[in-house]
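The block underneath contains the structure these notes are about, expressed in structure tokens.
The values are calculated or read from the model by the stated rules, or taken from the named source; none is laboratory data. What you are looking at is a predicted structure, and each value in this text was computed from that prediction instead of being measured. No Cβ is skipped: glycine too gets one built from the backbone with ideal geometry, and neighbour counts run over all protein chains shown.
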Amino acid sequence: MLKAKLKQKLARAKQIRTDAEAASRELTEAEATELTNLANDCKTIKAQIDQQDEFEALEASINAGTGRRTGHNPVASLSATVKDPELEAMGGFQDEGEFFSAVYRASTGTIDQRLTATATNVVGADGGDEGFSLPPAMRNQIFTLLDEDHGDLVSQVAGETTSARSVSYLKDVTTPWQAAGIQTHWDQGSETFSPTKFNGLTAGELSLTGLSVFVTVEEDLLDDAPRLGQRLMKMAPMAMRWAINEAIRYGDGVGKPKGYMKSNALITVAKESGQAAKSLASENIVNMYIRMLPSSINRAHWECNSELLPQLMKLKDDDGNLLWTPLNSGYKETPNGLLLGRPVKFNEHPEAAGTVGDIQFIDPKGYYLPRRTGAAKYAESIHLYFDQGLKCFRWRLRLGGTTFLTAPVTPAKGSLTKSHFVTLATRA
């Protein structure tokens, strides 16, 4: 059977990639060559399947006397080369629901040719299940939705895309007063100077880890393509967005990004002597502000648990001036306002009031978040819960994260260290 032969080729291609990923290495020359040959074989077999489907459709049309019919899958003979740019961006599918339904039907053995237009569309997911890469338009929509959280940092950090499973980056930020081997000289044009060696580039290696959403879908929803597409395209990215933003802040670095709250770059400002539990003092805010890197002040913002708002509104300096001020619209709109001139953002990510992390002063550009190009994947389990009339859908992308600084920066003059990330100690 041609379809069985195609599945064998695809399974072999998946195994090659899985072995390389498991060993955290790039493909060998022999493996790359074999993948190329497998891709060509798959295209040839697919063409044979297309031809066979055409003949079967013509024969059915003649026998029925009602014109040409395409059977269960009305788009089975759709060309992989789509002229409409929007349709091409969707991989030939009219909408997300049609794509989900096609993947669902693939589990029953009915392979929509748009899913296998190229061998690279078929991916291996954790657990050995086969799946299909998301069309470009759906991947773009996911990344757009990932950036829509009010507490979002994904779109604010120093991010970049890569095709590798790990990346090299510069771990530290060299300051002008820490010359890193660079020496300056005042001269009058006649002196001779010996060069010094620049040692300011400290390279680090960062592995990209996978993030997945794994959800069951009831049979009746699988039959309703529009609702299926709308719900999965909204809820899955929403869950991933929350997880990524939490990891940027609190990830432990084990199988996930290392969050700035768990990094050695974090500065935790001590509470004031005799400070009441869960309270905020003006001194807390000022002491946090002066620990931010001066070069980061114009980018930095405050992140606060909303329960701190009543206290923020009352903070004053010794002359009675408020430290927190609403925007020009006053209280007419959401009163995020300004605290010592920098924006305040209330969201669900800061810790509970009174604990370390309930108020943070951060410069997101001090955090590095690479993510793998085209790594947002969609896969369907063809076995799990099948006997219960349910299906499972998996979304997956790969990314990494860490702070640029490995430790707070020693100032040129003074004793207080500085960082991109400052928080307040627990007031218990």
Residue selected from the stretch 396-428 under the condition touching a helix residue (DSSP H, G or I) at 6+ places or on another chain (Cβ under 7 Å) and part of a loop (DSSP other than H, G, I, E, B), by the criterion nearest to Asp363 (Cα to Cα): His420
All but one of (1) modelled with pLDDT under 95; (2) loosely packed, with under 15 Cβ neighbours inside 10 Å hold for Ala270, so report the exception by its number. (1)
Note down all Cβ pairs under 6 Å where the first residue falls in the stretch 252-272 and is hydroxyl-bearing (Ser, Thr, Tyr), the second is part of a strand (DSSP E or B) and at pLDDT 95 or above, and they're at least six residues apart or on different chains. Tyr260/Phe421; Thr268/Thr423
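Quickly run through the stretch 237-264 and pick out the residues that are in a helix (DSSP H, G or I), basic (Lys, Arg) and at pLDDT 90 or above.
Our first condition is that a residue be in a helix (DSSP H, G or I); within the stretch 237-264, this holds for 237-250, 260-262.
Keeping just the survivors that are basic (Lys, Arg) gives 241, 249, 262.
Selection gives Arg249, Lys262.
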Step by step: first the residues of the stretch 364-395, then only those that are assigned to a loop (DSSP other than H, G, I, E, B) and surrounded by fewer than 23 Cβ atoms within 10 Å (Cβ to Cβ), then the one that is modelled with the highest pLDDT. Which residue is that? Thr373
Residue satisfying all of: in the stretch 396-416; aliphatic (A, V, I, L, M) and surrounded by 13 or more Cβ atoms within 10 Å (Cβ to Cβ); modelled with the lowest pLDDT among these: Leu397
Would you confirm, using the coordinates I've provided, whether Leu87 is in a helix (DSSP H, G or I), under 29 Å from the mean Cα position of the chain (by Cα) and modelled with pLDDT of 70 or more? yes
Look through the stretch 289-327, keep the residues that are without any contact (Cβ under 8 Å) to a residue 40 or more places away in the chain and assigned to a strand (DSSP E or B), and return whichever of them is surrounded by the most Cβ atoms within 10 Å (Cβ to Cβ). Trp324
Does Val286 meet the test of being outside any loop (DSSP other than H, G, I, E, B), crowded, with 20+ Cβ neighbours inside 10 Å and among the hydrophobic types (A, V, I, L, M, F, W, C)? no
